[in-house]
Amino acid sequence: MIPTILEARSITTALVLGIAATLPACKAATPEASAAELAPGAVAAEPAVAVRLADVTRGPVARPVRGTGVLRLKSEVDLSFKVGGVVAAVLVEEGATVKKGQLLARLDPTEVDAALRQAKDGQAKASSRPARLLRQHRAERPQIGS
C-alpha cells in the first residue's frame with residue numbers, strides 16, 4: 001500500500017520533530033559544560049594536555065631560579081652569656097663543629113675590668129658602713145650619770 005500525501009506529510013513531520021527533540025542530547029561535551037548539564041554522577045572530563053618525555057640527565061641549569069624568602073638553618077641555637085662586652089677575637093670559623101667548654105671568642109677586658117673595680121669599690125664602701133654607723137651611734141648616745 002502506498003501512503004497518501006497526507007500520511008507522508010505526517011510521517012515527515014513526526015521524523016523532523018523527533019530529530020529536533022533528540023539533537024540537544026547529541027551535542028559534543030565541551031570543557032565549559034556546566035555541572036547542571038552533566039548526567040547525575042558524571043564527572044566532567046579535563047581537556048587533554050600535550051606532554052613531552054625526556055631522559056633525566058645531569059648538566060647545567062638552562063634557566064636560573066630566582067625567588068625571595070627567608071633562609072633559615074634546620075637547627076638554630078639561641079646563645080646567652082653571663083657577661084657582655086666587646087668581642088676582641090673570634091676563635092672559631094662560621095659553621096665549624098664545636099665542643100662543650102670550647103673557647104669561642106675573647107672579650108676586650110677593658111669594660112669587664114672597669115665593672116670589677118666598680119664592684120670592689122661598692123663592696124669596700126658597704127663593709128665600712130656598719131663600723132661608721134656604730135661609731136656615730138656611740139657618739140650620739142646620751143651618757144647617763146655623768
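Once you place label points 7 Å from the Cα toward the Cβ at Arg135 and Val86, how far apart are they in nm?
Output for this residue pair reads 4.1 nm.
How far, in nm, would the chain grow between Ala96 and Leu116 when pulled straight, counting 0.36 nm per residue and subtracting the alpha carbon separation?
Residue separation times 0.36 nm, minus the Cα-Cα distance, leaves 3.9 nm.
Just to confirm the filter: which trypsin sites (Lys or Arg not before Pro) across the range 57-146 are DSSP coil and have at most 10 other Cβ within 10 angstrom of their Cβ?
For trypsin sites (Lys or Arg not before Pro) across the range 57-146 that sit outside H, G, I, E and B with at most 10 neighbouring Cβ atoms in 10 Å, the list reads Arg58, Arg66, Arg72, Lys74, Lys82, Lys99, Lys100.
Given Lys82/Lys125; Lys99/Lys125; Lys82/Lys120, which pairs have Cα atoms separated by over 30 Å?
In this structure, Lys99/Lys125 lie more than 30 Å apart at Cα.
On average over all directions, what projected area in square nanometres does the range 100-142 have, based on the convex hull of its Cα atoms?
4.7
Enumerate the aspartates and glutamates that Lys74 could reach by cross-link, defined here as Cα to Cα under 17 Å, with residues fewer than 8 away along the same chain left out.
Lys74 reaches Glu94.
No value in this document is a laboratory result; all are computed from the given coordinates. Quantities reported herein were computed from a predicted structural model and do not represent experimental measurements. Methodologically, a virtual Cβ is constructed for each residue, glycine included, from the backbone with ideal geometry; neighbour enumeration extends over all protein chains shown.
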